[in-house]
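Peer 1: Encoded as structure tokens, here's the structure I'll be asking about.
The values are calculated or read from the model by the stated rules, or taken from the named source; none is laboratory data. Since the model is a prediction, treat every value here as computed from it, not as a measurement. FYI the Cβ positions are ideal-geometry reconstructions off the backbone, even for glycines, and counts take in every protein chain you see.
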Amino acid sequence: MLLRIRCMHHANMLPYEYMKRDTFREPTTDTPASYPTRPMKELFEAILSLKDTHEAAKFFRDLLTVAELTEFANRWQMVKLLIEDKPYTAIAQKLETSTATVTRVAHWLFHGLGGYQLVADRLFPKKFKDTEKKKPFKLRGKYTFIKNPNSM
């Protein structure tokens, strides 16, 4: 419940700003120590044996339901939109999902095991690398006399 309230409070923040704001925290995942299991490794090997998207489409359709495939495809679209720095609410509206789901995908993108980042780097390296750049310091309003913290 706390996560949902937190998401709604920060819903209009850019994904990068929201997920990177606590950079001192250790990444946490709910991945068990036994991951991946032997059957999972065999599945990964089977997926690696696929030669093209046509074979992949046939294999995944036999393996998963249309609803499961749609959900996985939807999550990949979320990753692409998060990399483009789209706000969570805009992503949720576009993909007709909840901001909680977008937040969960963003968590795994920025604090997961690196799988999303690995594939994103390979498919669109320039877009993903841009999110890693330090944003320029801009201060507006009555506190313009404060020095740039990046230059201290």
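Yes or no, residue by residue, for (1) surrounded by 11 or more Cβ atoms within 10 Å (Cβ to Cβ); (2) at pLDDT below 90; (3) touching a Ser or Thr at 6+ places or on another chain (Cβ under 7 Å):
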{"site": "ASP30", "(1), (2), (3)": "no, yes, no"}
{"site": "ALA33", "(1), (2), (3)": "no, yes, no"}
{"site": "THR37", "(1), (2), (3)": "no, no, no"}
{"site": "LEU50", "(1), (2), (3)": "yes, no, no"}
{"site": "HIS54", "(1), (2), (3)": "no, no, no"}
{"site": "VAL79", "(1), (2), (3)": "yes, no, no"}
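Peer 1: When you look at LYS41, is it among the basic types (Lys, Arg) and modelled with pLDDT of 95 or more, yes or no? Quick ask: steps written out before the conclusion?
Peer 2: On the way: among the basic types (Lys, Arg): yes; modelled with pLDDT of 95 or more: yes.
The answer is yes for LYS41.
Peer 1: When the residues of the range 91-101 are narrowed to those that are surrounded by fewer than 16 Cβ atoms within 10 Å (Cβ to Cβ) and part of a helix (DSSP H, G or I), which ends up nearest to the chain's Cα centre (by Cα)?
Peer 2: Taking the range 91-101 and keeping what is surrounded by fewer than 16 Cβ atoms within 10 Å (Cβ to Cβ), we get 93-94, 96, 98, 100.
Subsequent filtering for residues that are part of a helix (DSSP H, G or I) retains 93-94, 100.
Numbers: GLN93: 17, LYS94: 16, ALA100: 12 Å.
In this case the residue turns out to be ALA100.
Peer 1: Scan the range 93-119 for residues that are aromatic (Phe, Trp, Tyr) and closer than 13 Å to LEU81 by Cα and report the count.
Peer 2: 1
Peer 1: Within the range 57-69, which residues are farther than 13 Å from LEU43 by Cβ and either acidic (Asp, Glu) or surrounded by 11 or more Cβ atoms within 10 Å (Cβ to Cβ) (or both)?
Peer 2: Initial filter on the range 57-69 (farther than 13 Å from LEU43 by Cβ): 57-58, 61, 65-69.
Residues satisfying the conditions are ALA57, LYS58, ARG61, GLU68, LEU69.
Peer 1: Turning to a different aspect of this structure: In the range 35-67, what residues are farther than 22 Å from VAL105 by Cα and of a type in the set (S, T, N, Q)?
Peer 2: THR37, SER49, THR53
Peer 1: Give just the number: which of (1) among the aliphatic types (A, V, I, L, M); (2) modelled with pLDDT of 95 or more; (3) farther than 29 Å from PRO32 by Cβ does MET152 not satisfy?
Peer 2: Exception for MET152: condition (2).
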